[in-house]
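Notes to accompany the following structure.
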Amino acid sequence: MNEEKSCNFANLCEIYLLYFDEVIGHVFLLTCPEDIISIDPTKKSIIMHHPIWFLELEDDKTINRIDLEYNEVMYFARKFIITSGRTKKRAGSTEEQNETIILIITLSANLDIFGGELLNLLTSNLMHEFKDTLYEVIESEIAKLEIIKTTKIMQKIEKGDQIKKRIKIIINSVCENYFSSIIKQTDAISIKLQKAISYLIFKGIDIDHIVRQSHTKEFSNIRLFDYDKIKKSDIETKEKFELISINPINDCQEFEILIKNVYYKPLNNLRAKVSYIQDFFEQEILNEGIEKCLPDEELLLVVPIPKKINEYIFSIIKDSTKKKLYSRKLNLDLDF
C-alpha cells in the first residue's frame, strides 16, 4: 500500500496522535479525520486538558492509560515513551532525552466496549512500526514553524510527512480490520455488545450488509468495510426516492412521511419500514408493503409516535431481494 487512504471509519471513531514539546507544550502530530479539530474546536480543549497528560510514567509496569467520558463521548488515552534523536531547544534538555507521545481515541459512549481493545491494537502497531522513527515526524512539525526554510529543513519536513502518511495508512488498516470483524460477534449475553450493535444499526452504518437470521434475534455478517464484495453495478449515484416532508399530526400522536419516486421507471414490490432504538434494541413501528410506485408519484405514510421518541430510521427496501433503496435518519425534534 503506497498511498494514504481517507478515514473510512470517521463515523465511528476519531484518532489523535500528540507529543509534548519542551518549549511549545502539547502539540498535535496528526488527526484522523485530518480536519476534525478545525470543525469542532471544543474537542481540542478537551484533549489538551485530558488527565493522561498529568500521568507520570516511572517504568514499563506503570499504568499508562486513562479514559475520560465527556458529553456522551469516551476519550480513551494512552501515554508512552519513544526514543529520540532530535536536538532539544530547552535549556537542560539533551538530544537523547525521550519523547512523550499521547494516543487518544474518541468513541460514542454507546461504543465504549470497543475502545480498550482498539487502543491496544493501535498502540501495538504504531510502536512496532514507528518506535524508532516517530521522533522524525516531531522534527518535521517543528521545522514547519521555521520562517526561513533551508534545503536541509525542507528535506526534514518531507521525510516527516512521508512517515506521517505511513502512520495514517496503519491507522486506517487497523481500524477497518477491527470494526469489520469485532461486530460480527453474536454474543447474546453481552448487553454492552448488543447496545453497541444496536447503536451502529440506528446510525445507519452499512445497513445493506446487515443480515438477520430469521430464526434468531442475533446479528450476523456485519461488514463495514468489505468493499470488494460490492459490485459496481449495485452502486448508483442517483437515489430512487426523495424525502418531501415530515409533519407531526393529531397532537403529535402520529407523523406523516411524504416521499417521491425520483427514479426514471416504476418501482415494484417495495416495503417501507420505520424503527427506533429503545433499551438497546431496535423497535419497528411501521412495516408496510408497497405494490407499485410510478415515476414522480408521491407516497404518504402515517406513522405512530411512541412516547418521548424523536429519532427514527426510515428505509425503503426491495421486498424480493431485501436490497435497500433508500434510508434516512429522521428527527422530529418534538418537545414532549
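Read-outs: derived from the displayed coordinates by stated rules, not from any lab. In this text the structure is predicted, and so the values were computed from the model without any measurement. For neighbour counting, all protein chains shown are included, and Cβ atoms are generated from backbone atoms with ideal geometry for every residue, glycine included.
Some notes on this structure:
- Backbone N under 14 Å from the Glu242 label point (7 Å along Cα→Cβ), restricted to region 295-310: 295-299
- Calculated FRET efficiency, Leu294 to Asp161, Cβ-Cβ distance, R0 = 56 Å: about 0.55 to the nearest 0.05.
- Two-site FRET efficiency, Glu22 against Ile63, from Cβ-Cβ distance with R₀ of 30 Å, rounded to 0.05: 0.80
- Extension gain, Asn120 back to Asn310 (0.36 nm per residue minus Cα-Cα distance, nm): 64.8 nm
- Calculated FRET value between Met154 and Glu56, using beta carbons and R₀ = 45 Å, to 0.05: 0.75
- Distance (nanometres) between label positions extended 7 Å along Cα→Cβ at Glu146 and Ala109: 4.7 nm
- Spin-label pair Lys324-Asn11: with each label point 7 Å from Cα along the Cα-Cβ axis, the two points sit 0.7 nm from one another.
- One chain, two ends: Asn250 and Glu34. Fully extended at 0.36 nm per residue, the span grows by 73.2 nm beyond their Cα-Cα distance.
- Here the gap between Lys260 and Val302, fully extended at 0.36 nm per residue and compared with their Cα-Cα distance, gives a gain of 13.6 nm.
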